[in-house]
Amino acid sequence: MIVVSLLGVCAGFFTIHAAAAGSLNRKLTASRGRANSLYVLFYYLGGSIGITISGYAYTFARWYGTAVLGILILAIPLWASITEMRKENLPRP
C-alpha cells in the first residue's frame, strides 16, 4: 500500500507540474522564459517552506497535525482552480 501510495503521489506531482507549466505558457504571449523561471523559483521556495512547516507540524502534533496541514495545503490549489474555472466561464465584455 505504501508503494502504491507513493506512486500515486509521484504521478500526481508530475501531472500537476506539467499542467501548471502548460497552462502558464498558454496564457502568455511574451516573456514565457521569465514566467517559467518565476514559476520554478516559487515552486521550490514553496516546497522548502512547506517541508519545514510539515516538520514543525509533526513535532507539535505528530501525524494528526501533519495530515491536517496537508489537507490545508491541498485546499490552496483547489481554491485557485475553482476560482480560475469560474473566471473562464464568465461572459467576456
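Scan segment 31-45 and tell me whether some residue there is at positive phi, free of Cβ contacts under 8 Å to residues at least 24 places away in the same chain and not in a helix (DSSP H, G or I). The answer is yes, given that some residue of segment 31-45 is at positive phi, free of Cβ contacts under 8 Å to residues at least 24 places away in the same chain and not in a helix (DSSP H, G or I). Within the option set Ala35, Ala19, being small (Gly, Ala, Ser) and touching a helix residue (DSSP H, G or I) at 6+ places or on another chain (Cβ under 7 Å) holds for one residue only, Ala35.
Might you let me know whether segment 15-28 holds any residue that is part of a helix (DSSP H, G or I) and in contact (Cβ under 8 Å) with a residue 60 or more places away in the chain? Within segment 15-28, one or more residues are part of a helix (DSSP H, G or I) and in contact (Cβ under 8 Å) with a residue 60 or more places away in the chain.
In segment 65-84, is there at least one residue being loosely packed, with under 11 Cβ neighbours inside 10 Å, more than 16 Å from the chain's Cα centre (by Cα) and at pLDDT 85 or above? No: segment 65-84 contains no residue that is loosely packed, with under 11 Cβ neighbours inside 10 Å, more than 16 Å from the chain's Cα centre (by Cα) and at pLDDT 85 or above.
The values are calculated or read from the model by the stated rules, or taken from the named source; none is laboratory data. No experiment lies behind these values; they were computed from the predicted model shown. Please note: Cβ atoms are built from the backbone with ideal geometry, for glycine as well, and neighbour counts cover all protein chains shown.
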